[in-house]
Each structure stands twice: as structure tokens, then as C-alpha cells.
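Chemist: Take this structure first; my questions come after.
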Amino acid sequence: MNYWLFKSESEVWSWDQQVAKGDIGEEWDGVRSYQARNIMREMQLGDLGFFYHSRAEKEIVGIIEVCALAHPDSSTDDERWECVDIKAVRPFVKPVTLATCKADPRLADMVLVNNSRLSVQPVSPEEWTIVCELGATDP
DNA sequence: GCCAACGTTGGC
DNA sequence: GCCAACGTTGGC
């Protein structure tokens, strides 16, 4: 089991929209970064991820599950781009802000804290546990 | 709204 | 193959 983090501006694609898709889930389309694409290619069915609202909110708001492996991104004809599908699992009881992550020394190596530009990132099992704890939510 | 950081593009 | 220019992301 691996853990990941997905970033989205809530004006573009929000947690609420993700929840509305239910168990069918939705393509995580629109990613145009090789780094992010390569990370998505590594994902396995059943892997879990954080759903993060960038820009305005800057907080992790819930947990999602990978429900389809990487496949061509249907939002473009460009065959270079692929994406996975994800479905909402549960919301955080308490959203975990970027400031909270930065303030916790145990999360100093988190990609979210160190590389603000990567929109799909890996999360270590330790970081997963800590962030869930901060969010008062079951891992 | 600004701008730093970073990835990508394209001229050479 | 290098690197300057450019575009985009996202924190502030």
C-alpha cells in the first residue's frame, strides 16, 4: 500500500465535487507535468491519497482511493498524458492546513512542505499517519 | 495581485 | 547538449 497527495484548486475541482462522484470516482485529468504523470503511473488500485486544496484554502480536506490505474487522459488527444481515477473515501474531521504541516517538525521532509509546485506527490507511511492524526481521522 | 520557483521549450 | 526565455503553479 502506497500513499499519495493530490492537489487541486477548489475553484477548478473541489472535494465536494469529488464526493458527489461517489464510488464511481473521477479521472484526475489535466495534469501536464511529466513528474506528476510518472508518479501516477506508479499508483496501484486501492492506494490511498490526501486531497489538498491549493491556493485559497491550502489545506488537506479528505482521503481518496485510487480506483483506476493510469490510463490516457481523456481531456487531451496528446498521448503523452495519463491519469488515474480517484474516489472520495472520507473527509477529514479537521482539515490540516499547510501551516500546520510546516509547523510540525515530523513533517519537515514532506514533499508538500518542500516542493510547492508538484501537483501529485508521494507521501510516506509515517507522514500519512501523522497527518491523519492531525486531521483527527482514521488512517 | 505579486512574484519566486521550477519545469518546459526552442534557438543556437 | 546547453541554457535563456517563457509559462505556470501556488504561497504569500
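Chemist: Does residue A:91 satisfy the condition of being touching a residue at least 60 places away in the same chain (Cβ under 8 Å) and closer than 21 Å to residue A:33 by Cα?
Modeler: no
Chemist: Mind listing just one residue for me: the one in the range A:59-82 that is within 16 Å of DNA strand C (Cβ to nearest atom) and at pLDDT below 95 and, of those, nearest to residue A:10 (Cα to Cα)?
Modeler: A:75
Chemist: While we're looking at this one, here's another question. Which members of the range A:52-95 meet the condition of being out of contact with any Pro (no Cβ under 9 Å at 6 or more places or on another chain) and among the aromatic types (Phe, Trp, Tyr)?
Modeler: Passing the criteria: A:52, A:92.
Chemist: So, one more: Output the number of residues of the range A:57-103 satisfying the condition of being in contact with an Asp or Glu (Cβ under 7 Å, 6 or more places away or on another chain), loosely packed, with under 15 Cβ neighbours inside 10 Å and among the aliphatic types (A, V, I, L, M).
Modeler: 0
Chemist: Residue check: is residue A:111 in contact (Cβ under 8 Å) with a residue 12 or more places away in the chain and either more than 16 Å from DNA strand B (Cβ to nearest atom) or in contact with a Phe, Trp or Tyr (Cβ under 7 Å, 6 or more places away or on another chain) (or both)? First the steps, then the outcome.
Modeler: Details: in contact (Cβ under 8 Å) with a residue 12 or more places away in the chain: yes; either more than 16 Å from DNA strand B (Cβ to nearest atom) or in contact with a Phe, Trp or Tyr (Cβ under 7 Å, 6 or more places away or on another chain) (or both): no.
Here the answer is no, as residue A:111 does not meet what is asked.
Chemist: Moving on. Within the range A:1-29, track down each residue that is part of a helix (DSSP H, G or I), of a type in the set (A, V, I, L, M, F, W, C) and either surrounded by 12 or more Cβ atoms within 10 Å (Cβ to Cβ) or under 12 Å from the mean Cα position of the chain (by Cα) (or both).
Modeler: A:15, A:19
Chemist: Please find, within the range A:47-88, the residue that is farthest from residue A:102 (Cα to Cα) out of those that are in contact (Cβ under 8 Å) with a residue 24 or more places away in the chain and among the acidic types (Asp, Glu).
Modeler: Per the stated criteria, the residue is A:73.
Chemist: Please go through the range A:113-139 and pick out each residue that is more than 11 Å from residue A:3 (Cβ to Cβ) and touching a Cys at 6+ places or on another chain (Cβ under 6 Å).
Modeler: A:113
Chemist: So, of the residues in the range A:30-53 that are at pLDDT 95 or above and within 11 Å of DNA strand C (Cβ to nearest atom), which turns out to be surrounded by the most Cβ atoms within 10 Å (Cβ to Cβ)?
Modeler: Per the criteria, the residue is A:52.
Chemist: Moving on. Looking at A:32, A:90, A:80, A:37, which is the one that is of a type in the set (Lys, Arg), in a strand (DSSP E or B) and either within 15 Å of DNA strand B (Cβ to nearest atom) or within 25 Å of residue A:126 (Cα to Cα) (or both)?
Modeler: Sole residue among the options that is of a type in the set (Lys, Arg), in a strand (DSSP E or B) and either within 15 Å of DNA strand B (Cβ to nearest atom) or within 25 Å of residue A:126 (Cα to Cα) (or both): A:90.
The values are calculated or read from the model by the stated rules, or taken from the named source; none is laboratory data. Computed from a predicted model, the values in this text were never measured in an experiment. All Cβ positions, glycine included, derive from the backbone under ideal geometry; neighbour counts span all protein chains shown.
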